[in-house]
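Shown next, in structure tokens, is the structure this report addresses.
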Protein chains: 2
Amino acid sequence: MLDERKTAILRAVVQEYITTASPVGSTHIANAPGVKVSSATVRNEMAVLEQEGYLAQPHTSAGRVPTDRGYRFFVDHLAAPGPLDLQASQQVGAFFDSAHGRLEELLHQTTNLLAQVTHHAAVVVGPRAETAVVRSVQVVGLGGRTATVVAVLSNGTVENEQVELPVEMSELRLSAVSAHLQKHLPGSTLDAPRDLPATGDSDFDAVCAAAMQSLATTAAAEPVFVGGAASMARAFDAVDTVREVLNTLEQQFVLVSLVRDVLNRGLSVAIGAEHGVAPLVACSVIVKPVFVDGEQVGTVGVLGPTRMDYPQALATVEVVSERLGRRLSDGSN
Amino acid sequence: MLDERKTAILRAVVQEYITTASPVGSTHIANAPGVKVSSATVRNEMAVLEQEGYLAQPHTSAGRVPTDRGYRFFVDHLAAPGPLDLQASQQVGAFFDSAHGRLEELLHQTTNLLAQVTHHAAVVVGPRAETAVVRSVQVVGLGGRTATVVAVLSNGTVENEQVELPVEMSELRLSAVSAHLQKHLPGSTLDAPRDLPATGDSDFDAVCAAAMQSLATTAAAEPVFVGGAASMARAFDAVDTVREVLNTLEQQFVLVSLVRDVLNRGLSVAIGAEHGVAPLVACSVIVKPVFVDGEQVGTVGVLGPTRMDYPQALATVEVVSERLGRRLSDGSN
DNA sequence: ATTGGCACTCCAGGCTACCGAGTGCTAGCG
DNA sequence: CGCTAGCACTCGGTAGCCTGGAGTGCCAAT
């Protein structure tokens, strides 16, 4: 553990580096508020901090830069999660006050909100439809053996998928299928649908099964939304880094598992190499689950350079996750 | 109009520049196949081509670079739209052979396909739902005054939107509303829904109207999908250009109007400044409408640096638009 | 224990020189 | 008359050199 003075110095280095983006030297720190010693002392302390892995020097006789470990200490012990600044919080408020419409749309917009407020890339993972309760099911023929199966869930989302029916069926019989499903399914969930009573008509039963199967498959997917990827181009000036990061951002499954992984480890911040996704070593991730009635229904997060304003980003993600949860739980705000 | 020799030289310059990305000098051209004269003659001709605006010099004593006009001449007269190379065409074929599922998903995947094959950003604009015929409508209550209204259209897409009902309604009465809509709407389109017979129950009628209104609004939107934005980071090495282009790509409405605009002018290629979107002067756009039964239902396109392989890109977009159209028209391939 | 002072390091930026790719022009050739 | 070989010239990029400044580490003094 670091003594008070080292702590103060580390804090000052991180804060300075976050705003200036260039290595910070002992004299700056000596002048910083909260540090009451001379630059020589600061130099000594910084040498120690470097040995212990909190700081690094790009090269001899340059200033110091925080390491991942330095940032980690900063967010764990020094980043007072202070309140969101007024303008940002108004922006978030205004958004959730005026937001309306479908879940998907809402999540997508949330992504833009986060990106705008934090100036970082944002990622929102939506709820799996699996566990939501079915309110209504319907099968609509589209000619030939193709049909669309639609389910309205209790959380207001609509799952739909095209299916290839095992046998061709008249519109009339399809409505009978709809009616059959509509009668027995509502109230159960898509991952564990209630068993349908067999009707004795094998075609009929096969169509029902196909429809259910198809719904269960789509419902297993987690919808992911990414926004503000362009901000990554602003965060780095090495064009190679930008390329790598953008490429990775396009692979949504990487993002999803990244987010899940961080949450599983009980973290809300993963810094640089901590998250283990190689192309994103220069990035940190901040995630927060979204709860509705104590149940996790999704995740919101931002992804930016390790050199990011953690307190602000943490506060933003926190507020957004909270507002989003409230919004989803009662439908108003 | 350019004589044969100038034409050959221009072609050679464009081709060389497309592959090397650096200004091309007279000696390279003199050695190119199809040019049978000495470098001195090439120099003279290039001077003329420069005066006429087909070529430009980054600075005195550098090689020549094609101007927008040069590219334009190239695509109009020199870019033999030759067949798609085998590997690419197999990739496209494999994609459409195995693709299945919802329209949205299909369009989204198409975006990735295009991006992969061309190594450029891809944009796909989907059909408006407005003009599709309604097959089924349903209103499902979600508690309180909110409800979800769902419409299945003849093209297999599903439109859904949450609505705030003018009055609270029991589930039972909502099914009555559904039945009412279901009875009268199928067969008409969302932009011009058939007039519903008044029932005399003003609440009932108001709810119907609200549902219809909401559907009409969502149906007016054109779904846009963008993919492969990261390739822009590979296309340019000025990080500023990357920033600008990425920012613009995130503003989907700009893209939509860009695409529409180019099509309206009867073009399939817009080069550099031609398309009038300032931040994208360094980019060219290739678009192709997607037809189903002679009716345009969408647009596919790619967006890359002006220095792009036009024949290959044109061929790819052409094939994809054609396959997509076929896919959408009969549902199989 | 802290600090002022000092010698040292190393990068960034400005300057110069040079190389090479490329041009434009002209004189000569078929 | 059109083409080409040759030549002088231009100019950007790279390498080398220097210098100023920000920063460090260490030591001796307080």
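The values are calculated or read from the model by the stated rules, or taken from the named source; none is laboratory data. Here the structure is a predicted model, which is why all the values come from computation and not from measurement. Cβ coordinates were reconstructed from backbone atoms using ideal geometry, including for glycine residues, and neighbour counts include every protein chain displayed. Quick note on the areas: whole protein, heavy atoms, side chains included, nothing else; ligands and nucleic acids left out. Shrake-Rupley method; radii C 1.70, N 1.55, O 1.52, S 1.80 Å.
Between copies, the label points of B:L86, set 7 Å from Cα on the Cα→Cβ line, lie 7.0 nm apart, reported in increasing order to one decimal in nanometres.
Between helix A:202-220 and chain A there is an angle of about 10 degrees, using the helix long axis and the longest principal axis of the Cα atoms.
Normalised by the number of residues in chain B, the average gap of Cα pairs under 8 Å and 6 or more apart makes the relative contact order 18 percent. Label-point distances for A:H100 to the equivalent site in the other copies, using a point 7 angstrom along Cα→C-beta, read 4.0 nm when ranked shortest first. Between the listed residues B:L181, B:L165, B:V123, the Cα displaced farthest toward the positive end of the dipole of the range B:122-208, a dipole computed from Cβ unit charges relative to the Cα centre, is found at B:V123. For the rotation that carries chain B onto chain A, the axis lies closest to a Cβ at B:V239, 2, where the number is the distance in whole Å.
With the Kirkwood sum run over all distinct C-alpha pairs, the range A:100-240 has a hydrodynamic radius of 17.0 Å. Compared with the dominant principal axis of the Cα atoms in chain B, helix B:310-330 is inclined by about 20°. Summing charges over neighbours of B:G228, with a neighbour being any other residue whose Cβ is under 12 Å away from its Cβ, gives 0 when K and R count +1 and D and E count -1. For the range B:210-231 and the range A:191-211, what is the separation of their C-alpha centers, rounded to whole Å? Distance between centres, Cα-based: 34 Å.
Under a Gaussian network description of chain A, with springs only between Cα atoms under 10 Å, the residue in A:S136, A:S22, A:S202 that fluctuates furthest is A:S202. What the protein assembly as shown shows is 44 Å² of accessible area per residue, with the surface traced by a 1.4 Å probe over protein heavy atoms. Going by a ≥ b ≥ c, the root eigenvalues of the Cα gyration tensor, does the range B:223-333 fall in the rounded group (a/c under 1.5), the prolate group (a/b larger than b/c) or the oblate group? It is prolate, given that a/c is not under 1.5 and a/b is the larger ratio. The residues packed around A:V167, meaning those with a beta-carbon under 9 Å from its beta-carbon, carry a net charge of -1 if Lys and Arg are +1 and Asp and Glu are -1.
Accessible area per residue was computed with a 1.4 Å probe on protein heavy atoms; B:D3 scores about 70 Å². What a 1.4 Å probe finds exposed on the range B:1-86 is 51% carbon and sulfur by accessible area, rounded to a whole percent. For the protein assembly as shown, the residue among B:L267, B:A80, B:L142 whose Cα projects farthest onto the positive side of the dipole built from Cβ charges is B:A80. Net charge dipole, the range A:134-220: roughly 260 debye, given to the nearest 20, about the Cα centre with Cβ charges of +1 for Lys and Arg and -1 for Asp and Glu. Per-residue ellipticity at 222 nm, computed for chain B from helices alone with -39500 (n - 2.57) per DSSP H run of at least four residues, works out to -15000 deg cm²/dmol. Going from the isolated chain to the complete set of protein chains, the range B:90-124 loses at least 50 Å² of heavy-atom accessible area (1.4 Å probe) at B:R102.
In terms of the Cα gyration tensor, with a ≥ b ≥ c the square roots of its eigenvalues, is the range A:4-78 rounded because a/c is under 1.5, prolate because a/b exceeds b/c, or oblate? Mind dumping the intermediate values first?
Details: a/c = 1.25, a/b = 1.07, b/c = 1.17.
Note, shape of the range A:4-78 comes out rounded.
Each other residue within a Cβ distance under 11 Å of B:I271 adds +1 if Lys or Arg and -1 if Asp or Glu, for a net charge of 0.
Between this copy and the others, label points of B:A21 are 2.2 nm apart in ascending order, each placed 7 angstrom from Cα in the Cβ direction.
Take the accessible area of B alone and of A alone, subtract that of the pair with a 1.4 Å probe, and the total buried over both chains is about 3100 Å². The fraction of accessible area contributed by carbon and sulfur in the range A:134-220 is 52 percent, rounded to a whole number (1.4 Å probe; ligands and nucleic acids excluded). Taking the C-alpha atoms only, the angle from helix A:39-51 to the longest principal axis of chain A is near 40 degrees. Between the alpha-carbon centres of the range B:35-81 and the range A:276-292 there is a gap of 49 Å.
Pop out a list of residues from the range B:152-196 that are at least 30 Å² less accessible with all the protein chains around than in their chain alone; 1.4 Å probe, no ligands or nucleic acids counted. Buried-area filter returns B:V152, B:G156, B:V158, B:N160, B:E161, B:Q162. Which value, in debye to the nearest 20, describes the size of the charge dipole of the protein assembly as shown about its Cα centre when Lys and Arg Cβ atoms bear +1, Asp and Glu Cβ atoms bear -1, and nothing else is charged? Magnitude of the dipole: close to 1340 debye.
Taking a ≥ b ≥ c as the square roots of the eigenvalues of the alpha-carbon gyration tensor, the protein assembly as shown is classed oblate because a/c is 1.5 or more while a/b is no larger than b/c.
For the pair B:R326 and B:E171 in one chain, pulling the backbone fully straight at 0.36 nm per residue adds 51.6 nm over the alpha carbon distance. Within the listed set A:T199, A:T316, A:T306, the Gaussian network model of chain A (springs between alpha-carbon atoms below 10 Å) gives the highest mean-square fluctuation for A:T199. In this simple spin-label approximation, A:T217 and B:R194 carry label points 7 Å from Cα along the Cα→Cβ vector, and these lie 3.4 nm apart.
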